[in-house]
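S.K.: This structure is in C-alpha cells; I'll ask about it shortly.
Read-outs: derived from the displayed coordinates by stated rules, not from any lab. Computed from a prediction, not measured in an experiment: that's the story for all the values here. Cβ: placed from backbone, ideal geometry, glycine included. Neighbour counts: every protein chain shown.
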Number of protein chains: 2
Amino acid sequence: MQWDDEYYMQQALNQAQMAFQNNEVPIGAIIVLENKIIAKAHNQVEQFHDPTAHAEIIAITSACNYLGAKYLPEAKLYVTIEPCLMCAGAIYWSKVQEVIYGGSDIKNGYSKHTGNTSPFHPKTRIKKGIMDEACIKLMQDFFRSKR
Amino acid sequence: MQWDDEYYMQQALNQAQMAFQNNEVPIGAIIVLENKIIAKAHNQVEQFHDPTAHAEIIAITSACNYLGAKYLPEAKLYVTIEPCLMCAGAIYWSKVQEVIYGGSDIKNGYSKHTGNTSPFHPKTRIKKGIMDEACIKLMQDFFRSKR
C-alpha cells in the first residue's frame, strides 16, 4: 500500500513526541524504503550525553545497519524539523533519494550556513513544510516548558 | 607534561594509518583534555556500513561518553584532514575549544560550503596546516592504491 507524506510525517512526529517525553529536544525522523519504514529515531542527546545523537544521524546509522549498506539512494528520510548542518552533512554522505522535513529552523537549520548552495548529493530531492505547524508547535511547547 | 601540536597530530596520524590498513579513507582524530588523550578514532565507514562513522564523530561520541558530558569546551580536537560539513556540525554542537587539522580538503571540506562564515561555536578556535604534508600524502597514497 502507498502511504502519503503526511502519514510518514506523523510517524516522525510520534518519534518527536517520544523525545519530548524523555526531556529531549523534540525532533523525530524515520526512513522509508519501498513504502516500508526501515528506521525510526528521535533525538537522544541528553540520554547519551552525545551531541551527535540527533534523530537523523541515528536513523541513518540504523537504516544502513539494517541494509548492510553505506548508501541509501532509494530511501526517503522524513524529519520533523529542518536538519542542522551536521545532519545535512550526514544526509549528503548517505545519498538518500529524498528529504522531507516539516518546520524550518532559522537558528540551527543547515540553510542558515549554506545559503543558496545545496549541501546535499545532486540527486537528493528536498521537500519542506509537511505538517510544519504541528512540528513547530511541539518545539515551541518544549522550549516554553523549559523557561 | 605539555606536548606540542605535532605530537598530538602524530597520534591522529597513527589513527589514520590504522584506517588505511583497514581499507578505510585514512583520516584519524584524537581529543585532548588537559594534555591527556581522552579519545582516539579513525574512519570506520566501510567496517560499520555507516556513512556517519567519520573519525571526528566517533571521537566526539567517545570523549562525551568518557566524560558523561555533552559539551567539550575545554578539549582540543586534532584531525588529520579538514572536517567535512557533517563533522563541522558535530564540532559546533560539541563546543570544543580548539580544532587543529592537518591538510585542507578542497572537495569535501566544510569551508567549501560555508565560505567566509564560520560553522563553529564562537569560542572555538581553528588552526590548520599542522603536519599537512604527511596527512595529505596518506590520503593520496590511499586513493592512488584504489585506481
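S.K.: Quick one: with label points 7 Å out along Cα→Cβ, list the inter-copy distances for A:Gln47 in nm, shortest first?
M.R.: Label-point distances to the other copies, shortest first: 2.6 nm.
S.K.: Additional query: Using the Kyte-Doolittle scale, find the helices of chain A whose mean hydropathy is at least 0.5 and whose Cα atoms extend 15 Å or more along the helix's long axis, counting only whole DSSP H runs.
M.R.: Once both thresholds are applied, what remains is A:55-67.
S.K.: What FRET efficiency, computed as 1/(1 + (r/R0)^6) with R0 = 35 Å and r the Cβ-Cβ distance, is obtained for B:Arg147 and A:Glu74, rounded to the nearest 0.05?
M.R.: With R0 = 35 Å, the Cβ-Cβ based efficiency is 0.80.
S.K.: On to the next question. Test of understanding: in a Gaussian network model of chain A with alpha carbons linked when under 10 Å, which of A:Ile106, A:Ile130, A:Ile91 would top the mean-square fluctuation ranking?
M.R.: Among A:Ile106, A:Ile130, A:Ile91, the largest GNM mean-square fluctuation belongs to A:Ile106.
S.K.: Show that you can apply the helix-only estimate: for chain B, add -39,500 (n - 2.57) for every DSSP H stretch of four or more residues, divide by all residues, and state [θ] at 222 nm to the nearest 500.
M.R.: -13000 deg cm²/dmol
S.K.: Where both partners of a DSSP beta bridge lie in chain A, what percent of those bridges are antiparallel, to the nearest 5?
M.R.: Details: 12 of 21 bridges.
If we restrict to bridges inside chain A, about 55 percent are antiparallel.
S.K.: How far apart are the A:Arg125 label points across copies, placing each 7 Å from Cα toward Cβ, in nm, shortest first?
M.R.: Nearest first, the other copies' label points are 4.8 nm away.
S.K.: If you don't mind, there's one more thing I want to ask. Out of the DSSP beta bridges found with both residues in the protein assembly as shown, what percent are antiparallel (nearest 5)?
M.R.: Approximately 55 percent, going by the DSSP bridge assignments.
S.K.: Another one. Can you give the average number of partner chain beta-carbon atoms within 10 Å of each beta-carbon in peptide B:77-88, as a whole number?
M.R.: Counting Cβ atoms of other protein chains within 10 Å of each residue's Cβ and averaging gives 4.
S.K.: If each residue's Cβ is checked for other Cβ atoms within 10 Å, how do A:Ser94, A:Ser145 rank with the fewest at the top?
M.R.: Fewest-to-most ranking of A:Ser94, A:Ser145: A:Ser145, A:Ser94.
S.K.: How high is the relative contact order of chain B, given as a whole-number percent (alpha carbon pairs under 8 Å, six or more residues apart)?
M.R.: Taking the mean separation of contacting Cα pairs over the length of chain B, I get 21 percent.
S.K.: Another one. Using 1/(1 + (r/R0)^6) with R0 = 25 angstrom and r between the beta carbons of A:Gln140 and A:Trp3, what's the FRET efficiency to the nearest 0.05?
M.R.: The value I calculate is 0.40.
S.K.: Tell me the distances, shortest first, between A:Lys36 and the same position across the other copies, using label points 7 Å along Cα→Cβ, in nm to one decimal.
M.R.: Its label point is 4.8 nm from the equivalent points in the other copies.
S.K.: Can you give the average number of partner chain beta-carbon atoms within 10 Å of each beta-carbon in peptide A:44-55, as a whole number?
M.R.: Mean partner-chain Cβ count within 10 Å for A:44-55: 6.
S.K.: Further question on the same structure: I need the calculated FRET efficiency for the pair B:Lys127 and A:Lys36, taking r as the beta carbon distance and R₀ as 41 Å, to the nearest 0.05.
M.R.: E(calc), rounded to 0.05, equals 0.30.
S.K.: Right, another one. Count the net charge of all other residues whose Cβ sits under 11 Å from the Cβ of B:Ala75, scoring Lys and Arg as +1 and Asp and Glu as -1.
M.R.: 0
S.K.: Averaged over its residues, how many other protein chain Cβ atoms are within 10 Å of peptide A:62-68's Cβ atoms?
M.R.: Average per residue, whole number: 2.
S.K.: Please report the relative contact order for segment B:47-122, taking Cα pairs under 8 Å with a sequence separation of at least 6, and give it as a percent rounded to a whole number.
M.R.: Rounded, it is 31 percent for segment B:47-122.
S.K.: Distance check, please: which entries in A:Lys146/B:Lys36; A:Lys36/A:Lys95; A:Lys36/A:Lys70; A:Lys95/B:Lys146; A:Lys112/B:Lys70 exceed 29 angstrom between their Cα atoms?
M.R.: Numbers: A:Lys146/B:Lys36 35 Å; A:Lys36/A:Lys95 18 Å; A:Lys36/A:Lys70 18 Å; A:Lys95/B:Lys146 21 Å; A:Lys112/B:Lys70 23 Å.
Correct reply: A:Lys146/B:Lys36.
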